[in-house]
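Trainee: The structure is given below, and queries will be raised subsequently.
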Amino acid sequence: MDFKFDWEKNEEKLNELKKVIEKHKDTKGAVMPVLHEAQHLFGYLPIEVQTIISEGLNVPLAEIYGVVTFYSQFTLIPKGQYKIGVCLGTACYVKGSQAILDKIKEKLNLQVGGTTPDRKFSLEATRCIGACGLAPVITINEDVYGRLKAEEVTGILDKYM
């Protein structure tokens with residue numbers, strides 16, 4: 001799913017990013033702190049933001065992109081208002097989390113790692129979240145749902161629609 005970067009809507013954030021770049025531009029190892037701040041400002045790191053960082057820090061865009069795609073805390077697409085995590089750790093998987101994941105994908109017409117066009121939901125497959133006694137488990141933001149069956153997914157998602 002492609003998300004178009006809105007220059008006008010993000011004008012204030014872009015000005016803030018330029019201040020962050022200015023603050024760090026003569027500092028060794030500036031890429032990581034600037035990327036972290038940019039991710040915090042925008043919620044993701046589109047190519048437009050990466051280009052501004054590249055030019056501002058005088059670092060090749062390929063290097064910026066390489067860092068963004070290497071570290072899992074950075075994302076190239078915006079996350080949804082509701083971040084759904086489906087645990088695929090061993091206990092959850094054995095107890096049916098794949099069927100739950102499949103049901104969520106079907107209901108939201110969404111692939112793992114994606115965000116709905118309205119930016120309401122994003123979906124991630126996670127590893128153990130430490131709630132094995134509640135397997136299978138999903139999280140929606142800070143809400144935890146355990147001992148789930150695939151047929152319960154629609155009712156849960158409807159609460160967030």
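Rundown of residues vs (1) open to solvent by 80 Å² or more (accessible area, probe 1.4 Å); (2) of a type in the set (Asp, Glu); (3) within 16 Å of Val144 (Cα to Cα); (4) assigned to a helix (DSSP H, G or I), yes/no style:
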| residue | (1), (2), (3), (4) |
| --- | --- |
| Tyr65 | yes, no, no, yes |
| Val68 | no, no, no, yes |
| Thr75 | no, no, no, no |
| Pro78 | no, no, no, no |
| Gly85 | no, no, yes, no |
| Ala99 | no, no, no, yes |
| Ile104 | no, no, yes, yes |
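Trainee: Name the residues in region 113-123 that are open to solvent by 40 Å² or more (accessible area, probe 1.4 Å) and either on the phi < 0 side of the Ramachandran plot or of a type in the set (Phe, Trp, Tyr) (or both), would you? Working first, answer last.
Mentor: Start the filter on region 113-123 by keeping residues that are open to solvent by 40 Å² or more (accessible area, probe 1.4 Å), which leaves 117-120.
Answer for region 113-123, where residues must be open to solvent by 40 Å² or more (accessible area, probe 1.4 Å) and either on the phi < 0 side of the Ramachandran plot or of a type in the set (Phe, Trp, Tyr) (or both): Pro117, Asp118, Lys120.
Trainee: How about region 24-38: which of its residues are at pLDDT below 95 and surrounded by 13 or more Cβ atoms within 10 Å (Cβ to Cβ)?
Mentor: Here is the first cut: in region 24-38, the ones at pLDDT below 95 are 25-29.
Residue satisfying the conditions is Lys25 alone.
Trainee: Which pairs have Cβ atoms under 6 Å, sit 6 or more apart or on different chains, and link a residue in region 142-161 that is under 18 Å from Asp118 (Cβ atoms) and modelled with pLDDT of 95 or more to one that is open to solvent by 80 Å² or more (accessible area, probe 1.4 Å) and among the acidic types (Asp, Glu)?
Mentor: none
Trainee: Sticking with this structure for a sec: Given the criteria open to solvent by 30 Å² or more (accessible area, probe 1.4 Å) and assigned to a loop (DSSP other than H, G, I, E, B), does Leu110 qualify?
Mentor: No.
Trainee: Can you tell me which of Thr154, Thr139, Thr126 is among the hydroxyl-bearing types (Ser, Thr, Tyr) and more than 15 Å from the chain's Cα centre (by Cα)?
Mentor: Thr154
Trainee: Where residues in region 124-161 are open to solvent by less than 60 Å² (accessible area, probe 1.4 Å) and part of a strand (DSSP E or B), which of them is farthest from Phe74 (Cα to Cα)?
Mentor: Tyr145
Trainee: A further question follows. Which of the residues that make up region 47-63 are under 18 Å from Glu16 (Cβ atoms) and either surrounded by 14 or more Cβ atoms within 10 Å (Cβ to Cβ) or touching a strand residue (DSSP E or B) at 6+ places or on another chain (Cβ under 6 Å) (or both)?
Mentor: Glu48, Val49, Gln50, Ile52, Ile53, Ser54, Gly56, Leu57
The values are calculated or read from the model by the stated rules, or taken from the named source; none is laboratory data. Values in this document were obtained by computation on a predicted structure and should not be read as measured data. Cβ sites come from the backbone with ideal geometry, for glycine too, and all protein chains shown count toward neighbours. The accessibility values were calculated without ligands, DNA or RNA, using every heavy atom of the protein model including side chains. Shrake-Rupley method; radii C 1.70, N 1.55, O 1.52, S 1.80 Å.
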